[in-house]
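What follows draws every value from the coordinates through simple rules; no lab data is involved. Given the structure is predicted, the values throughout are model-derived calculations rather than measurements. Cβ coordinates were reconstructed from backbone atoms using ideal geometry, including for glycine residues, and neighbour counts include every protein chain displayed.
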Amino acid sequence: MINGRQLYLAQRLSAVLLVPLVLIHLALIIIAVRNGLSAAEILGRTRGSLLWGVFYTLFVLAVAVHVPLGVRNVMTEWTRLQPRVVDAFCLLFCLLLLIAGMRAVFAVV
Amino acid sequence: MTSKTSDTVQPDRSQHDHVHAQPGQAQPGDRLEVSIWRGKRDGGFKQYAVELRENQTVLDIVTEVQRQHEPSLAYRFACRVGVCGSCAMTVNGAPRWTCRTHVNQVIAGNQLTIEPLRHLPVIKDLVCDLAPFFEKWQKAGGTFKPTKSRLDKPEPIDPQSPARKTANAAIECINCAVCYSACDVVGWNNDYVGPAALNRLWTLANDKRHADREQVTDLAFQEGGCASCHSHGNCTRHCPVELSPSQSIAALKKSAIFGLPDVE
Amino acid sequence: MNPLHCHRSYLAFLGHRISGLLLALFLPVHFLLLGTAFSGDAALDNALALTDYWPVKVAEWGLVVLLATHMLFGLRILALEFTDWPSMHDNRTGWILPAAAAALFVGFIFWLQV
Ligand code: SF4
Ligand code: SF4
Ligand code: FES
């Protein structure tokens, strides 16, 4: 069983990892939108690039840990749902982010 | 660089310095409109008119109402000098120790609203049942367990050691439950043990005489422990004796990665 | 407003939480949209065509600001939890306004580019 301390660490360590990833991503967004968004431009950058593949894989993994744990806190405090329901929802959300996220990475790399 | 004070939580020092009424505010001799909570949580406000005097605390107002208007009004106090922690109430929306809160500091115009503390069962009027507050104190692991018996020599503790100074900075809690009442998370999450209990746990983490010191981090991260705190700082802003539960909780969180501080 | 909620570190908490919630709602959409590239460049271009509508552009701008806000307010939380406080009453509220300003600045740069 995962305990509260491990969940806390998972959320904060994924946050630490996300800081540089988000900074690079933000810079990239601003560069990418310069001439309008096009598939050719986006995919031209990412297709066949190991570096971007690793970058976005890390991003998806960190997000799939960080986001459901944050949502779990919010649901615990701002809804009246049972803890078991909240945990089940967040686990499903984590899987959704993992699958959809990795699918997106494979689609663009 | 902004000035030092604007960077801080700024505990409400108005509770400690007596400041006279501002121009435009009610003056001594004016009538105050005091709304006081009557009944249990499903009760309601009742209005009383009380004369504003020099040097009048919120507790004085409640006493005057009880003596002259409403003999059945229930409220709690003991020391009247900020030591016992029994007089806390919600005054114009914020929790305060009423015996050391001057009316001048808190009136809005000539209005004063006095309610029981938030997040605790109301027994009657302004009196709350503090049992949940102290039960959570126990649950958090806030009970000191000695390493020695009274037959042993007392352990020498250097008052200048860093660990002792850290413990001392958080130790003077008067158990008033003001922070517990100020903390939104306590209201949102029934399991959350609250700032005072975790602040207490942090003092034990820095006390080498505490037998269960090794367990402190695990206790801190129980369900409803320090990970539930979101650093709003409401506890620290309102603690009448200027402790900083928010900082104590952050220090407990830090121990999840860096371990507990050295107490030797 | 209630004095318990009307101060910087509480507002920073609200900003962090609400930006996080909105980002969490957006993420699956974002991933699904990028996933259309599986069906070739044209499919992704189709999906990207949405970004020509100005409400979508405004929403994009919002997401950039939310992401920057969430990250910068989050940095303050990490600093509070993993480093020593300058003093026991100093919870780095001084970081909050600059962080919000920086997030808006990122949004401003983004707006200049689109
Ligand atoms: S800092 Fe933590 S304990 Fe204090 S009021 Fe905020 S959430 Fe509650
Ligand atoms: S920490 Fe401060 S506010 Fe909280 S119970 Fe102790 S003295 Fe009261
Ligand atoms: S009556 Fe004792 S602290 Fe107020």
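Quick notes on this one:
- Given charges at beta-carbon only (K, R positive; D, E negative), |dipole| of chain A in Debye: 60
- Taking other C-beta atoms within 10 angstrom as a stand-in for reagent exposure, B:Thr113, B:Thr147 fall in the order B:Thr147, B:Thr113, fewest first.
- FRET efficiency, A:Glu41 to C:Ala101 (Cβ-Cβ, R0 30 Å, nearest 0.05): 0.45
- Angle between chain A longest axis and helix A:83-108 axis [Cα atoms, degrees, rounded to 10]: 10
- Nearest-ten-degree value, helix B:245-258 long axis tilted from longest Cα axis of chain B: 20
- Spin-label model, C:Cys6 to A:Arg84: label points 7 Å out along the Cα-to-beta-carbon direction sit 4.4 nm apart.
- DSSP-loop trypsin sites (Lys or Arg not before Pro) across the stretch B:87-171, with at most 11 other Cβ within 10 angstrom: B:Lys148, B:Arg150
- Filter on B:Lys145/B:Lys165; B:Lys148/B:Lys253; B:Lys153/B:Lys253 - keep pairs with C-alpha separation over 25 Å: B:Lys148/B:Lys253; B:Lys153/B:Lys253
- FRET efficiency for the C:Phe38 to C:Leu78 pair, using the beta carbon distance and R₀ = 41 Å, is estimated at 0.70.
- Gap separating the Cα centres of the stretch A:58-109 and the stretch C:3-72, nearest whole Å: 16
- Comparing Cα centroids, the stretch B:39-99 and the stretch A:1-44 end up 53 angstrom apart.
- Simple point charges give the picture: +1 on the Cβ of Lys and Arg, -1 on the Cβ of Asp and Glu, and for the protein assembly as shown a dipole about the Cα centre of about 480 debye.
- Taking every DSSP beta bridge that has both ends in the protein assembly as shown, the antiparallel portion is near 85%.
- Among C:Gly20, C:Gly40, C:Gly94, the residue with the largest mean-square fluctuation in a Gaussian network model of chain C, with springs joining Cα atoms closer than 10 Å, is C:Gly40.
- If the chain linking B:Ser35 and B:Glu155 were pulled fully straight, counting 0.36 nm for each residue of separation and taking away their Cα-Cα distance, it would gain 38.0 nm.
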